[in-house]
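Read through the structure below, which is laid out as structure tokens, and then see the notes.
The values are calculated or read from the model by the stated rules, or taken from the named source; none is laboratory data. Bear in mind the structure is a predicted one, so any value in this text is a computation, not a measurement. Cβ sites come from the backbone with ideal geometry, for glycine too, and all protein chains shown count toward neighbours. All accessible areas refer to the heavy atoms of the entire protein, side chains included, with ligands and DNA or RNA removed. Shrake-Rupley method; radii C 1.70, N 1.55, O 1.52, S 1.80 Å.
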Amino acid sequence: MKLLAVALSTAVIIPQISLGDPVSLICENPKREYRVEFDTDLRSVSANDTQYSVLAMEETAETTAVVGLTTDGGPTYRLYLHPYKKMEFFSDGKLFQTDNCR
């Protein structure tokens, strides 16, 4: 029964992010704009042309987000895809930057 509830809650979210179609966003920090792409099939994230590792994908009825690590021991990121679009960066477990995306 629990598995059915998870499947039903995921079905509500799927139309927001069409599986199989890459999601492409333009995000902006105080210095510049950058392109973020999330490939739903490969579960991979890239910022401009830099690949970020993906640790988890969080899908709930309220939010869809991808969590992972940037490169070279850099910060952790959380990419929100639904209901809003933004990138958050964390260092030592603390939020230090939020970039709005469109």
At what distance in nm do the modelled label points of Arg32 and Ser53 sit from each other, each positioned 7 Å from its Cα along Cα→Cβ? 2.5
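May I ask for the net charge around Asp99, where only other residues with Cβ less than 14 Å from the Cβ of Asp99 are counted and Lys, Arg are +1 while Asp, Glu are -1? Don't jump to the answer; show the numbers that get you there.
Values: positive: Lys31, Arg32, Arg35, Arg78, Lys85, Lys86, Arg102; negative: Glu28, Glu33, Glu88.
Neighbourhood net charge equals +4.
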Within-9-Å neighbourhood charge of Met87 [Cβ basis; K, R +1; D, E -1]: +1
Accessible-area order (highest first, 1.4 angstrom probe) of the listed residues Arg35, Arg102, Arg78, Arg43: Arg102, Arg43, Arg35, Arg78
